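Data first, discussion second: the structure below is written as structure tokens.
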Amino acid sequence: MTKPFDPASLPPHFDAPAAEKRWDEAWSAAGVYHWDETRGRDETFVVDTPPPTVSGSLHMGHVFSYTHTDVITRQRRMRGQNVFYPMGWDDNGLPTERRVQNYFHVKCDPALPYEPGLTMTQADDKKRKEEKPRIVSRKNFIELCHQVTHEDEKAFEALFRRIGLSVDWRQTYATIDDRCRHIAQLSFLDLVDKKQLYNIESPTMWDVDFQTAVAQAEVEDRDKPGAFHDIEFAVEGGGSFVIATTRPELLPACVAVCAHPDDERFKSYFGKRAITPIFRAPVRIFPSELADPKKGTGILMVCTFGDATDVLWWRTEKLPLRAIIQRDGTLRAVEFGSEEFPSLDAARANAAYAQLVGKGVTQARKLVVELLKDAASAATGEAHAGGTRAPLQADPKPIQHPVKHYEKGERPLELVTTRQWFVRLLPNAAAGTDNQAGLLAKGKDVKWWPGFMHSRFHNWTEGLNSDWCVSRQRYFGVPIPVWYPIADNGVIDHERPLYPSAAQLPIDPMSDAPPGYAEAQRGKPGGFTGDPDVFDTWFTSSLTPQISSHWGLDAARHAKLFPADIRPQSHEIIRTWAFYTIAKAMLHEGKVPWHNVVISGWILDPDRKKMSKSVGNVVTPMKLLEDYSSDGVRYWAASARLGTDTAFDEKVLKVGKRLVTKLFNAGKYVLAQTAEGDVSPAAITEEIDRAFVHELRGLVEKASAAFEEFEYAQALMLTEQFFWSRLTDSYLELVKIRARGEVGDPASRRSAVATLRLALNVLLRLFAPVVPYITEEVWSWVYAEETKQPSIHRAPWPTLADLAAIPLPSDAQSFELACTLYTALNKKKTESGASVGRVVTSTAIAASPTLVSRIAPALADVLAAAKVKAHTLASREPLADTDGFVIDAIEIAPKEARADEAEAG
RNA sequence: GGGCGGGUAGCUCAGCGGUAGAGCGCUAGCCUUACACGCUGGUGGCCGCAGGUUCGAAUCCUGUCCCGCCUACCA
């Protein structure tokens, strides 16, 4: 059945914004993108969508990578797979915390009890300036976070809908919502059960501004100016040496001195004690292979703690602990002459240290350097080299060196001793685990697209140097579900934590009481105290596959959705999001979380810098969506291969917009062609039509194969080339006249119309994953009813079976030959200064004998398209097939007056 | 320092063992009853550099130089 179609009923131009709104509503109403929970796992395609951070705005980088996912997903849906495509919002963590504090002018104190029914409104500048922030409980704070993020989520959803993401909007989550908190806390309990989690008081990388522990994955090196300070120490019993340090302020925390065991300069000192300048603390001098004789002066001071090696030596050499840097980055008060801080001259040491107490690192460094310039600060008062001159040997020598920073922080990280929870990652003989090896293996079980991205994961995993610190001293996050008993003497017993049962989750240990205790016992001897910390946001984010599958809540659903099929993400978070997600899936169930990771590249600005908010070079999507339409923007995104960084280029958006217009016009034209009788594929009888369909077969095969490898960009390029140059520029032009019935018989007219309709039908479906709006629009004119597929996005992806009914052409090149001759005629016309629309009164064509015979079936179409009234076609022996057609002569008719012009004239 | 990716037409990018490609740009012409967001032509590159393998190399190997990213490096 052919549906009647009146092209005059269409607007002259495609109104993209209106269509976008209309189709989004229609798709929602029809549930086109709904996951069918009744279908089995083997028919289902599960996406583990990246939950964007909602306390920010979306930029073209987001549109770019989310479109990649959507294109892949739409093609799978058309292939008949039951697509599960959820959306999450990452509202958990510092960015939201800061935003909410500012928005309402509040501060969180987790020790406060919950105030039911507390409501707040947005604060104004006056309030922020003049009033102190309102202090609220953590539970209230989380409620406020929900309030703000809810608004952000609505804006994000609107944009994601606008760009046509085929998300099942019933499947959404926010990383702080009840279900996510439940699953994150369940993850914790499960890891405790599996002995993969432990808490310990130890030196941990610490951000002194945010006052929280951070994990290895959140640390980045920044090149900062520093300086070597050469400082003379004395050796007990005589002698001295000079150490080099960039951190003289840690001198009071010095616990030992160390040099390479083979270093002749210091060999005789091993086993003796050194005496520090200023504080005159006696410290061990020990040998270690880790000391590099070529670095600095070859001998160094060990402090608790200056760097990771200090921690190592502290452990292996069982050195004393003399911590001086506090959580806020200032130096704490200590008493020299005590057991903890020995000194041969406690009075002098305490007098010096008194100046440092409460100072920050930078200030303390300046003060210590001043003290070191004073001869009176020398390590001993005795008359030997170490006791008669200033300890600082020369002016500090400036250097540039890498300094570890929290990725979101300003000041260098410090190693501060605190109690934290860790997930085991490193091999641990005592625990009998080697998760690092397991992770390396799981990284190979996952397919990485493009494949080289696996090495990012592998390198990172091989370079692990610490277990995963998962506790954070923040407020807006998932609470660590733990309480600690308080002994009768008031001491908190961290060794015997109290855990909730899974049935109680989610809980907040700061407002809920542990099993077997009453709330009144909180903070009392014999009672309990709640752990005030929250999880690293990655602890929750690493569970997105399980959050979607309702792990621990719905076993049947989990079985249908876990592991997922694809994880789309960008490459800079391989070490965090991909890594931790693989870790969690492995530790919980021994599985991979997904079978494929598809990595999008970055959008770079014209200077090839990464587009990011902090750099301030972001392009916001809304204007571009309005100017180029959603399909146009999607075209731009889908033109970039996976894993490839791409410079933002508005030219490509223009091309996308043009394609949309072309599809609209070509669709309108093709569907306006009519013929008497059957115009189904069975009517395709002409040689040239069959040859054209045969080329279409090649396209379907290649585009489908490309999608198998997630090479949507390749599929798009091939489809676009075929559509534009094969269909609209060539085939359409060649058969126009026949389709109008001006040449040939009714059967040949039917054949042309049937071919046009079939080709458009197939091409629309090949384009549908990339440009969902225009393809749906054109599909709706005729095909929706004809095929009983109301939405093209549920229509089957084209296969060779669609074209199987059409016999092969007798010569696969028939169509190509027709194009060759048509082009030759056009070229001759153009060279003669005439437009291709002009009538050719006569022309003389020559070609090889084989070409002359092979062109026969297409000749009528070509001559009609080129408007040739009379021609000769000569076989010419010397010409080869590769010479094509030679136009010996052409005579062009005078320009005709158009009928309407003639009338007007 | 280690690893990965890239260096192809003025620009943005395909191609990755068989005679250099696309779009944009530039240029000469065209209102050709779907489309001027269009059509027909043309212009333009010793495929970073140097070796090697091969009948044949942008395409494989080795070295080298640029660019980017990941990672390491607080004495």
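The values are calculated or read from the model by the stated rules, or taken from the named source; none is laboratory data. Every value quoted in this text rests on a predicted model; they were computed, and no experiment measured them. Every residue, glycine as well, gets a Cβ built from its backbone with ideal geometry; the counts of neighbours run over all protein chains shown. All accessible areas refer to the heavy atoms of the entire protein, side chains included, with ligands and DNA or RNA removed. Shrake-Rupley method; radii C 1.70, N 1.55, O 1.52, S 1.80 Å.
Condition (residue is open to solvent by 30 Å² or more (accessible area, probe 1.4 Å), in contact with a strand residue (DSSP E or B) (Cβ under 9 Å, 6 or more places away or on another chain), under 30 Å from A:PRO86 (Cβ atoms) and among the hydrophobic types (A, V, I, L, M, F, W, C)) applied to segment A:497-509: is it met by at least one residue? Checking segment A:497-509: not a single residue is open to solvent by 30 Å² or more (accessible area, probe 1.4 Å), in contact with a strand residue (DSSP E or B) (Cβ under 9 Å, 6 or more places away or on another chain), under 30 Å from A:PRO86 (Cβ atoms) and among the hydrophobic types (A, V, I, L, M, F, W, C). Of all residues in segment A:361-380, those that are open to solvent by less than 20 Å² (accessible area, probe 1.4 Å) and small (Gly, Ala, Ser) total 4.
Among the residues of segment A:218-244, the ones that are farther than 30 Å from A:TRP460 by Cβ, out of contact with any helix residue (DSSP H, G or I) (no Cβ under 8 Å at 6 or more places or on another chain) and not charged (D, E, K, R) come to 7 in all. For segment A:775-790, indicate whether the set of residues that are more than 20 Å from A:SER704 (Cα to Cα), away from RNA strand B (no atom under 14 Å from the Cβ), buried (at least 18 other Cβ atoms within 10 Å of the Cβ) and over 43 Å from the mean Cα position of the chain (by Cα) is non-empty. No, every residue in segment A:775-790 fails to be more than 20 Å from A:SER704 (Cα to Cα), away from RNA strand B (no atom under 14 Å from the Cβ), buried (at least 18 other Cβ atoms within 10 Å of the Cβ) and over 43 Å from the mean Cα position of the chain (by Cα). Yes or no: segment A:552-564 includes at least one residue that is within 11 Å of RNA strand B (Cβ to nearest atom), charged (D, E, K, R), outside any helix (DSSP H, G or I) and more than 18 Å from A:HIS62 (Cα to Cα). No, segment A:552-564 contains no residue that is within 11 Å of RNA strand B (Cβ to nearest atom), charged (D, E, K, R), outside any helix (DSSP H, G or I) and more than 18 Å from A:HIS62 (Cα to Cα).
Does segment A:87-96 contain at least one residue that is closer than 27 Å to A:TRP797 by Cβ and either assigned to a loop (DSSP other than H, G, I, E, B) or open to solvent by less than 40 Å² (accessible area, probe 1.4 Å) (or both)? Outline the logic, then answer.
Here is the first cut: in segment A:87-96, the residues closer than 27 Å to A:TRP797 by Cβ are A:87.
So of that shortlist, the ones also either assigned to a loop (DSSP other than H, G, I, E, B) or open to solvent by less than 40 Å² (accessible area, probe 1.4 Å) (or both) come out as A:87.
Yes: segment A:87-96 contains one or more residues that are closer than 27 Å to A:TRP797 by Cβ and either assigned to a loop (DSSP other than H, G, I, E, B) or open to solvent by less than 40 Å² (accessible area, probe 1.4 Å) (or both).
Checking the stated criteria, A:GLU264 turns out not to satisfy the condition of being at pLDDT 90 or above and either within 28 Å of A:GLN326 (Cα to Cα) or in contact with a helix residue (DSSP H, G or I) (Cβ under 9 Å, 6 or more places away or on another chain) (or both). Condition check: under 38 Å from the mean Cα position of the chain (by Cα) and in a loop (DSSP other than H, G, I, E, B). Does A:PRO515 satisfy that? No, not satisfied. Within segment A:335-352, which residues are surrounded by fewer than 17 Cβ atoms within 10 Å (Cβ to Cβ) and either in contact with a helix residue (DSSP H, G or I) (Cβ under 6 Å, 6 or more places away or on another chain) or at positive phi (or both)? Across segment A:335-352, the qualifying residue is only A:GLY337.
Being open to solvent by 30 Å² or more (accessible area, probe 1.4 Å), within 11 Å of RNA strand B (Cβ to nearest atom) and in contact with a Ser or Thr (Cβ under 7 Å, 6 or more places away or on another chain) is a condition met by at least one residue of segment A:579-602.
Taken over segment A:700-751, the criterion of being within 21 Å of A:LYS869 (Cβ to Cβ), away from RNA strand B (no atom under 12 Å from the Cβ) and open to solvent by less than 10 Å² (accessible area, probe 1.4 Å) is satisfied by A:ARG738, A:SER748.
Does segment A:687-702 include one or more residues that are part of a helix (DSSP H, G or I), without any contact (Cβ under 8 Å) to a residue 40 or more places away in the chain, of a type outside the set (D, E, K, R) and at negative phi? The answer is yes, given that some residue of segment A:687-702 is part of a helix (DSSP H, G or I), without any contact (Cβ under 8 Å) to a residue 40 or more places away in the chain, of a type outside the set (D, E, K, R) and at negative phi. Is it the case that A:VAL840 is among the β-branched types (Val, Ile, Thr) and within 24 Å of A:GLY741 (Cα to Cα)? Criteria met by A:VAL840. Criterion applied to A:ALA682, A:ALA647, A:ALA672 was being under 28 Å from A:GLY56 (Cβ atoms) and open to solvent by 10 Å² or more (accessible area, probe 1.4 Å), and the one residue passing it is A:ALA647.
Of the helices (runs of 4 or more DSSP H) lying entirely inside segment A:125-206, those containing at least 2 residues that are open to solvent by less than 50 Å² (accessible area, probe 1.4 Å) and touching a residue at least 24 places away in the same chain (Cβ under 8 Å) span A:138-162, A:178-193. Identification of helices (runs of 4 or more DSSP H) wholly contained in segment A:792-873 with 1 or more residues that are small (Gly, Ala, Ser) and within 16 Å of RNA strand B (Cβ to nearest atom) yields A:814-831, A:856-865.
Could you list, in sequence order, all residues of segment A:298-334 that are polar (S, T, N, Q) and buried (at least 19 other Cβ atoms within 10 Å of the Cβ)? Can you show your working first?
Step one: list which residues in segment A:298-334 are polar (S, T, N, Q), which gives A:304, A:309, A:316, A:326, A:330.
Answer for segment A:298-334, where residues must be polar (S, T, N, Q) and buried (at least 19 other Cβ atoms within 10 Å of the Cβ): just A:THR304.
With respect to the conditions (1) farther than 30 Å from A:VAL619 by Cβ; (2) open to solvent by 20 Å² or more (accessible area, probe 1.4 Å), A:THR44 falls short on a single one, namely (2).
Yes or no, residue by residue, for (1) within 10 Å of RNA strand B (Cβ to nearest atom); (2) surrounded by 24 or more Cβ atoms within 10 Å (Cβ to Cβ); (3) in a loop (DSSP other than H, G, I, E, B):
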site: A:PHE210; (1), (2), (3): no, no, yes
site: A:PRO225; (1), (2), (3): no, no, no
site: A:HIS229; (1), (2), (3): yes, yes, no
site: A:PRO261; (1), (2), (3): no, no, yes
site: A:ARG265; (1), (2), (3): no, no, yes
site: A:GLY271; (1), (2), (3): no, no, yes
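For segment A:627-676, give me the residue count where each residue is of a type outside the set (Val, Ile, Thr), outside any helix (DSSP H, G or I) and more than 9 Å from RNA strand B (Cβ to nearest atom).
4
Taking segment A:444-476 as the range and being closer than 30 Å to A:HIS595 by Cβ, touching a residue at least 40 places away in the same chain (Cβ under 8 Å) and more than 9 Å from RNA strand B (Cβ to nearest atom) as the test, the residues that pass are A:ASP445, A:VAL446, A:LYS447, A:TRP448, A:TRP449, A:THR461, A:SER466, A:ASP467, A:TRP468, A:CYS469, A:VAL470.
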